[in-house]
Amino acid sequence: MTVRTAEGTWVVPPQQAVWVPPRVVHAVASDGPMAMRTLYLHPSATDGLPTNCCVVTVPPFLREVILHAATLPPDYPPEGPEARLMAVIPDQLRALKAEPLHLPMPSDRRLRKITDGLTGNPADGRTLGDWARSAGASERTLARHFRRETGMTFGSWRQRLRLLTAIARLAEGRPVTAVAYDLGYESPSAFVAMFRRELGSPPGRYMRAGGAVISRSHS
């Protein structure tokens with residue numbers, strides 16, 4: 001599942017959730033069949049939660065609470081056991097750690113020419129100096145603007161793009177070896193090493209799990 005806003009793109013693997021703060025215009029898309037649960041939180045329940053979109057891992061306990069909460073009627077008693085169960089969810093959400101699954105997008109037209117090109121072909125191995133010759137700016141200028149607008153270096157941004165693209169393709173059932181070569185890696189082992197370094201586990205283990213969850217603040 002992919003969530004897009006004006007600030008960037010978030011890829012949500014099966015065992016993850018995305019937090020969307022109030023009043024954030026966003027679009028949700030999936031390249032294949034998908035089952036998910038969506039939570040709407042009252043603003044009074046969002047204190048201490050992130051002010052920006054982020055992807056988080058859903059631990060087994062919270063997953064089961066969410067699945068059960070989704071079966072409850074919307075008009076449950078405010079003082080009943082249903083309300084007490086619901087109160088557990090924001091507490092659990094506050095304890096979750098954001099995953100590095102966000103791809104920030106620059107607004108500078110020269111940078112967008114680069115990021116649009118790489119988004120269309122993540123395997124493109126051209127250096128920032130190569131891009132500079134067609135973007136109408138020096139490599140140093142592009143590097144400075146890249147870090148200022150995205151908070152990342154050009155190399156880190158491209159690696160993040162490849163990581164998110166890999167997750168989307170692995171979720172479609174594509175083999176690790178094919179994904180590695182499609183994204184420009186010299187060997188599957190190099191790709192697996194990058195994946196493990198960024199997300200803490202190899203691709204196969206990371207992708208195993210159940211359905212996704214979207215958490216939204218309702219205002």
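The values are calculated or read from the model by the stated rules, or taken from the named source; none is laboratory data. Keep in mind it's a predicted model, so treat the numbers as computed, not measured. Glycine gets a Cβ as well: all are built from the backbone with ideal geometry, and neighbour counts include every protein chain shown.
Whether any residue in region 28-36 is at pLDDT 90 or above and touching a strand residue (DSSP E or B) at 6+ places or on another chain (Cβ under 8 Å) is what I want to check.
Scanning region 28-36 turns up at least one residue that is at pLDDT 90 or above and touching a strand residue (DSSP E or B) at 6+ places or on another chain (Cβ under 8 Å).
For (1) closer than 24 Å to P90 by Cβ; (2) in contact with a Phe, Trp or Tyr (Cβ under 6 Å, 6 or more places away or on another chain); (3) not charged (D, E, K, R), each residue gets a yes or a no:
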position: T2; (1), (2), (3): no, no, yes
position: E7; (1), (2), (3): yes, no, no
position: V12; (1), (2), (3): yes, no, yes
position: L39; (1), (2), (3): yes, no, yes
position: T46; (1), (2), (3): yes, no, yes
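Out of T141, T57, T71, T127, I need the residue that is of a type in the set (V, I, T) and touching a strand residue (DSSP E or B) at 6+ places or on another chain (Cβ under 7 Å). Which one?
Exactly one of T141, T57, T71, T127 is of a type in the set (V, I, T) and touching a strand residue (DSSP E or B) at 6+ places or on another chain (Cβ under 7 Å), namely T57.
In this structure, does T57 turn out to be touching a residue at least 40 places away in the same chain (Cβ under 8 Å), in the same structural domain as T150 (by TED's automatic domain parsing) and of a type in the set (S, T, Y)?
no
Any idea how many residues of region 162-201 are in contact (Cβ under 8 Å) with a residue 24 or more places away in the chain and surrounded by fewer than 14 Cβ atoms within 10 Å (Cβ to Cβ)?
1
Under the condition of being of a type in the set (D, E) and over 23 Å from T5 (Cβ atoms), which residue from region 32-84 is farthest from the chain's Cα centre (by Cα)?
The qualifying residue farthest from the chain's Cα centre (by Cα) is E79.
List every residue pair whose Cβ atoms lie under 7 Å apart, where the two residues are 6 or more positions apart in sequence or sit on different chains, the first residue falls within region 6-34 and is outside the structural domain of C54 (by TED's automatic domain parsing), and the second residue, located anywhere, is in a strand (DSSP E or B).
none
Among the residues of region 1-56 satisfying the criterion of being in contact with an Asp or Glu (Cβ under 7 Å, 6 or more places away or on another chain) and over 27 Å from S107 (Cα atoms), which is surrounded by the most Cβ atoms within 10 Å (Cβ to Cβ)?
Among those that are in contact with an Asp or Glu (Cβ under 7 Å, 6 or more places away or on another chain) and over 27 Å from S107 (Cα atoms), it is Q16.
Regarding T141, is this residue surrounded by fewer than 13 Cβ atoms within 10 Å (Cβ to Cβ), modelled with pLDDT of 90 or more, under 28 Å from R4 (Cα atoms) and more than 21 Å from the chain's Cα centre (by Cα)?
Judged against the criteria, T141 is not a match.
Filter region 62-91 down to the residues that are assigned to a helix (DSSP H, G or I) and small (G, A, S), then identify the one that is surrounded by the most Cβ atoms within 10 Å (Cβ to Cβ).
My answer is A69.
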